[in-house]
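Engineer: Please read through the structure below; I'll follow up with questions.
The values are calculated or read from the model by the stated rules, or taken from the named source; none is laboratory data. Everything numeric here is computed off the predicted structure, so don't read it as measured data. Note that each Cβ is placed from the backbone with ideal geometry, even for glycine, and that neighbours are counted across all protein chains shown.
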Amino acid sequence: MSGFTRKKAGAAIAAFAAIAVSLTACSGEATPSASGSAPAAAGKATGEINYWLWDNNQKPAYQQCADAFKVENPDATVKITQYAWDDYWSGVTNGFVAGTAPDVFTNHLSKYPEFVTQGQLVSLDDQLAADGVKTDIYQKGLADLWVGQDGKRYGLPKDFDTVAVFYNKKLLKDAGVAETDLANLTWNPTDGGTYEKMIAKLTVDASGKRGDEAGFDKTKVKVYGLGLDGGSGGGNGQTQWSMYSGTTGWTFTDVNPWGKHYNYDKPEFQGTIAWMRSLIEKGYAPSIEAVTGQSSADIFGASKYAMITNGSWMINQMFSYKGIETGVAPTPVGPSGKRSSMYNGLADSVWAGSKNQASAIKWVEFLGSAACQDIVGKAGAVFPAIPSGTDLAQAAFKAKGVDVTNFLVHVNDGTTFLFPITDNASQVTNIMQPAVDAVMTGKAKADSLTAANEQVNQLFAG
């Protein structure tokens with residue numbers, strides 16, 4: 001799932017429910033709904049194509065793609081605009097209403113089901129078929145994520161991400177810990193296993209006492225063994241807890257994608273969240289109140305975290321901090337006997353209100369091709385969805401002195417699980433975010449999540 005701040009999927013879509021299904025009035029001409037498709041276009045793309053993304057670090061690579069696209073389509077111009085995450089999504093959703101949304105935009109699995117329901121996306125199938133575009137060229141499973149419940153395709157994969165452990169080499173050395181000691185840690189929700197023991201050892205109070213030593217003062221922690229990524233993680237916990245719950249056999253929903261029953265009432269999930277709370281209570285991890293809205297990466301860069309779990313999109317940033325030697329370790333092995341990581345993939349989609357849909361789809365086809373993804377791979381910012389691009393990215397990171405093996409191990413050994421793709425994503429977040437926060441802050445017990453789960457499943461009733 002990149003050197004940008006890819007916030008946790010599940011951020012609420014502001015005022016989205018008010019968006020009208022039909023965009024005819026705001027686009028000035030008839031446009032297809034999500035159940036229709038854009039007319040297939042023969043030949044070359046023409047006119048201006050507005051393309052939005054949220055990662056400034058990737059913008060130069062995609063400008064190279066745009067330049068290459070123009071060579072093949074001299075009468076077309078791609079205008080690329082980048083916004084920060086929050087501004088990006090408010091701009092997209094407000095643009096749906098105002099008729100100012102981009103022709104093509106980078107889409108997220110937490111957003112697109114609702115966009116499809118509201119008729120904001122164009123089905124790509126007809127034009128892909130007319131242009132002979134194959135969708136079996138991507139890393140396993142990525143293309144399937146962008147097929148809606150109606151069987152129609154609303155995006156072509158661009159990249160993917162997984163989660164690993166970033167660590168501060170000096171802080172490990174100070175604790176007498178070898179980097180190889182992180183390679184085979186085990187975890188369970190009862191006592192945290194050797195993983196928790198490592199977290200305790202790497203935690204240091206103001207007097208130099210470690211978390212596993214007598215006299216450790218949890219009220220005056222100088223370095224936390226494990227940092228938290230911006231809060232509790234709400235209902236998906238991509239970089240906070242999902243890599244642990246994923247090793248217990250627990251799944252978010254009954255099926256994925258397009259499940260209609262969530263499983264936040266299961267003991268495997270609740271035990272995971274209770275264990276996360278226990279780290280805070282013991283002083284091994286910071287309080288949710290202290291970190292919500294903050295960058296765990298920057299706190300790591302200030303040498304206040306020995307380890308953090310975070311996504312592959314953070315690689316460049318994590319290795320950019322002056323005076324910090326960063327390493328990457330695998331996530332711990334859990335009760336299943338395996339590691340796990342959420343498998344999230346972005347795609348590019350076409351807005352139903354675009355006045356240049358056929359050319360916009362031509363651009364999406366190019367973005368989804370090896371020609372563009374190899375360019376992106378060579379830039380060494382993300383893992384492109386096409387294997388050749390992934391390989392080029394791994395080589396580019398290696399050339400920078402960064403071994404990304406522990407991110408790719410999940411793809412190679414099949415220990416990934418999909419980001420939960422369902423309807424009502426923003427409502428699920430609105431219920432689960434405060435519910436998980438309450439447990440992680442000590443205001444509620446883990447079994448309170450059963451009531452929250454009942455509220456979530458009511459969204460799918462009837």
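Engineer: When only residues in the stretch 140-154 that are more than 16 Å from the chain's Cα centre (by Cα) and assigned to a loop (DSSP other than H, G, I, E, B) count, which is surrounded by the most Cβ atoms within 10 Å (Cβ to Cβ)?
Structural biologist: Taking the candidates together, the pick is Y154.
Engineer: Let me ask something else. For the stretch 258-265, indicate whether the set of residues that are touching a His at 6+ places or on another chain (Cβ under 9 Å), closer than 22 Å to A451 by Cα and surrounded by fewer than 24 Cβ atoms within 10 Å (Cβ to Cβ) is non-empty.
Structural biologist: No, there is no match, as no residue in the stretch 258-265 is touching a His at 6+ places or on another chain (Cβ under 9 Å), closer than 22 Å to A451 by Cα and surrounded by fewer than 24 Cβ atoms within 10 Å (Cβ to Cβ).
Engineer: A further question on this structure: Working carefully through the options K209, K201, find the one that is buried (at least 20 other Cβ atoms within 10 Å of the Cβ) and out of contact with any helix residue (DSSP H, G or I) (no Cβ under 8 Å at 6 or more places or on another chain).
Structural biologist: Exactly one of K209, K201 is buried (at least 20 other Cβ atoms within 10 Å of the Cβ) and out of contact with any helix residue (DSSP H, G or I) (no Cβ under 8 Å at 6 or more places or on another chain), namely K201.
Engineer: Quick one: would you say V133 is within 20 Å of L346 (Cβ to Cβ), at pLDDT 95 or above and under 25 Å from the mean Cα position of the chain (by Cα)?
Structural biologist: no
Engineer: Out of D125, D103, D136, D55, I need the residue that is exposed (fewer than 14 other Cβ atoms within 10 Å of the Cβ) and among the acidic types (D, E). Which one?
Structural biologist: D136
Engineer: Also, quick follow-up: Among the residues of the stretch 157-216 satisfying the criterion of being more than 30 Å from the chain's Cα centre (by Cα) and either assigned to a helix (DSSP H, G or I) or in the same structural domain as W363 (by TED's automatic domain parsing) (or both), which is nearest to A385 (Cα to Cα)?
Structural biologist: Restricting to residues being more than 30 Å from the chain's Cα centre (by Cα) and either assigned to a helix (DSSP H, G or I) or in the same structural domain as W363 (by TED's automatic domain parsing) (or both), the top hit is K173.
Engineer: Let me ask another. Sort through G237, G259 and tell me the only one that's farther than 25 Å from V409 by Cα and part of a loop (DSSP other than H, G, I, E, B).
Structural biologist: Among G237, G259, only G259 is farther than 25 Å from V409 by Cα and part of a loop (DSSP other than H, G, I, E, B).
Engineer: It is to be established whether one or more residues within the stretch 386-399 are closer than 30 Å to N263 by Cβ and part of a helix (DSSP H, G or I).
Structural biologist: no
Engineer: Here's another thing I want to ask about it. Given the criteria out of contact with any strand residue (DSSP E or B) (no Cβ under 6 Å at 6 or more places or on another chain), more than 22 Å from F269 (Cβ to Cβ) and not hydrophobic (A, V, I, L, M, F, W, C), does G148 qualify?
Structural biologist: Criteria met by G148.
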